[in-house]
Amino acid sequence: MKKYPLLQRAYHFTEFKESGKQLIDQLTEYLCKQQLADTKANNWQTPDKELDFWENYQFSDLNNFVADLFDHSIHLHNPKYMGHQVSVPAPLSVLTNLISGLLNNGMAVYEMGKAATAIEKCVVDLFCEKIGYDNKANGILTSGGTLANLTALLAARQALHDSDIWQDGCREKLAVLVSSQAHYSIDRAARVMGLGNGGVVLVPVDTGFAMDQQALETCYSKTTQAGLKVIAIVGSACSTATGVYDNLQFIGDFCRRNSVWFHVDGAHGGAAVFSDKYKRLLKGIEMADSVIIDTHKMMMTPALSTVVLFKDKKQGSQTFHQKAQYLFEDANLDEQWFNSGLRTFECTKLMMCLKFYVLWKTYGIKVFEENIDCLYGLGKTFAEMVSQHSSFELALKPQTNIVCFRYIKQEMSEQQINELNKSIRQSLLEDSEFYIVQAVLNDMIYLRVTLMNPLTNEIHLQQLLEKIISVV
C-alpha cells in the first residue's frame, strides 16, 4: 500500500472513526433543530440556481458538505413538512443504512447475504401473517413500489395457464384494469411489459374517488369482447391523490368469479393491516394474489424498501424462471426462498430488510400501529379544522392522512379558484415555512397535505391555515 497513499487513507478506520463521531453529532443537532418553531421545512431554489451552486461548490470536508446539504434539502423531520408520501424515518432505522452500506452484502444468492436473507424471510413472514395469508405464501423485498408493482404484474402474466410468456414471448393482447386514480407506476409497469395504450384500462371512479363497481364490470366486459386477455385487476389501497381505498372485497370477489389475478397496490395504505383501528379499510386484502407495501411510507423506514407478497409461493417463484448456473445450483425448484435472485430484478440488492427489522425488534410491532393511528388521526383532525373554516372546503372526507382542500371565494369562477390555489401553493413553496403539494381532481386544483410526521400537531395545522390566508 506504500505506493497508494490515498487508498491507504481511504480505507483506514481511524479517519472513519473521527468523521463518524462528528457526523452523528451533526445529525443529532439537525434533528433537534427541526423541532424549533422558527425552522423552515424547505429552502426553495430554482433548478438553475441549485445546479449553479453545486457545479461551483468548493468541497472542504465532510462536515461542511453535510451542513450545506442540510441547507439545500427538504426537512422531513420538521413538523411543517406535509408534502409527499415519504416517511419521516425513525432515527434508529437510519443507522441501519450505515450498517448495510458498510457490509455491502449483496443478496442475489444466499452465500453472499446469509444474515440479511434470513432476516428478510422473517420480515416477509410477518407481513404475510398480517395480510391473512397462510404458509403457502412468500414474498420478497425490493427497491420501491414501482419495481414492486412491476414484479407482481409480471407474476400475474406468468401465471397465465395457456402460455409461458417468459420462455415463448407474448403472442396475444393483454390488459390490466386499474382505477383512474391509481398510482402512475401501474401504468408504467404495464407499458414496460409492452401492453401499450390499449392494455392499460382505466376504470372510472365513483363520487368518493374509489373504483366504481359497475364501471369495473363494464370495462372488463368491453375489454374481453375486444379480444384482450385481462391478466390482472389492481385495487388501490390507497390512491395517491386522495388517499381513498378501493373496495377490495368487491374486486376480490369479481376476480375470483372471472379467474383473474387480483393485485393490491398497498404502497401507502397497506400498512394499515398493522392497525386494529384502520385495518377494516383493507377488508378483502387476504383474497389478493399479490400485495405490495412500502415500509418507507407509513412504516418509519428510510427509502427505498417495499415488500412484495404472493399468496401462492409457487407463482411468486416462477416470475423470473431462468437458469444462471454460476449462481443457482438448481433453478427449477418451485421455491428457493434463500436465493432471492430467482424472484426479483435486483441482483446486488441492498440489505433493506434491516431498516424494518431493527425497528420491529427494538419497539415491537405496536410502534407501527401507533404511527398509523397517529397519522390517520391527524388527517381527520385537519379535515375537521378545514371544514369549520368558511374560506376553505374539502374535496372529500379523508380516510387516511392525505387531505385535499382548497381556498375559495364565493365571487370567483372555478377557473379563478383554480388559479388562486395554484398561486397559493407556489407562494408556500417559495416562502418555505411549510411544504405541501397540490392535486387535480375533476379538473379542479386542490391543495394537498400528507401528514407523515408524528410530531406534527394541531398547532402546526392551524398555523398552515393561517399561512395560507396570509398569502392570498
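Every read-out reported here was derived from the displayed coordinates using simple, explicitly stated rules and does not represent laboratory data. Here the structure is a predicted model, which is why all the values come from computation and not from measurement. FYI the Cβ positions are ideal-geometry reconstructions off the backbone, even for glycines, and counts take in every protein chain you see.
Annotation: segment 184-238 has a Kirkwood hydrodynamic radius of 12.0 angstrom, from the mean reciprocal C-alpha pair distance.
Fully extending the segment from D71 to N197, taken as 0.36 nm per residue of separation minus the present Cα-Cα distance, adds 41.1 nm. Ordered by the count of other Cβ atoms within 10 Å of each Cβ, fewest first, V88, V244 give V88, V244. Among the listed options (1) 15; (2) 18; (3) 11, the one matching percent of Cα pairs over 44 Å apart as calculated from these coordinates is (2).
What the Cβ-Cβ distance of S391 and S60 gives, at R0 = 45 Å and to the nearest 0.05, is a FRET efficiency of 0.40.
Between H12 and T218, full extension at 0.36 nm per residue minus the direct alpha carbon distance yields a gain of 67.6 nm.
For segment 1-53, applying the loop criterion from DSSP together with a ceiling of 11 other beta carbons within 10 Å to the chymotrypsin sites (Phe, Trp or Tyr not before Pro) yields Y11. With the convex hull of the Cα atoms taken as the outline of segment 152-287, the averaged projected area works out to 8.0 nm². Which percent, nearest 5, of DSSP beta bridges in segment 106-363 are antiparallel? Bridges in segment 106-363 are about 40 percent antiparallel. Dipole of the chain computed with +1 at Lys/Arg Cβ and -1 at Asp/Glu Cβ about the Cα centre; of V308, Y30, Y407, farthest Cα towards the positive end is V308. Its Cα gyration tensor gives segment 392-472 an equivalent ellipsoid, and the semi-axes of that ellipsoid, as √(5λ) in whole Å with the largest first, are 20, 15, 11.
When each of the peptides 36-43, 92-99, 350-357, 58-65 is scored by the mean number of other C-beta atoms lying within 10 Å of its residues, the order from highest to lowest reads 350-357, 92-99, 36-43, 58-65. In terms of other Cβ atoms within 10 Å, W360, W261, W54 run from fewest to most in the order W54, W360, W261.
The mean sequence separation of alpha-carbon pairs under 8 Å and at least six residues apart, normalised by the residue count of segment 106-363, gives a relative contact order of 28 percent. Hydrodynamic estimate: the Kirkwood radius of segment 106-363 over Cα pairs, inserted into Stokes-Einstein at 10 °C and 1.306 mPa s, corresponds to D of 87 µm²/s.
In segment 102-255, what % of DSSP beta bridges are antiparallel (nearest 5)? If I count the DSSP bridges inside segment 102-255, around 10 percent turn out antiparallel. Selection among M444, N421, Q167 by position relative to the dipole of the chain gives Q167 as farthest towards the positive end (Cβ unit charges, Cα centre). Ignoring lysines fewer than eight residues from K380 along the same chain, the ones with Cα atoms less than 25 angstrom from its Cα are K40, K80, K130, K277, K279, K283, K297, K366, K397, K409, K422, K467.
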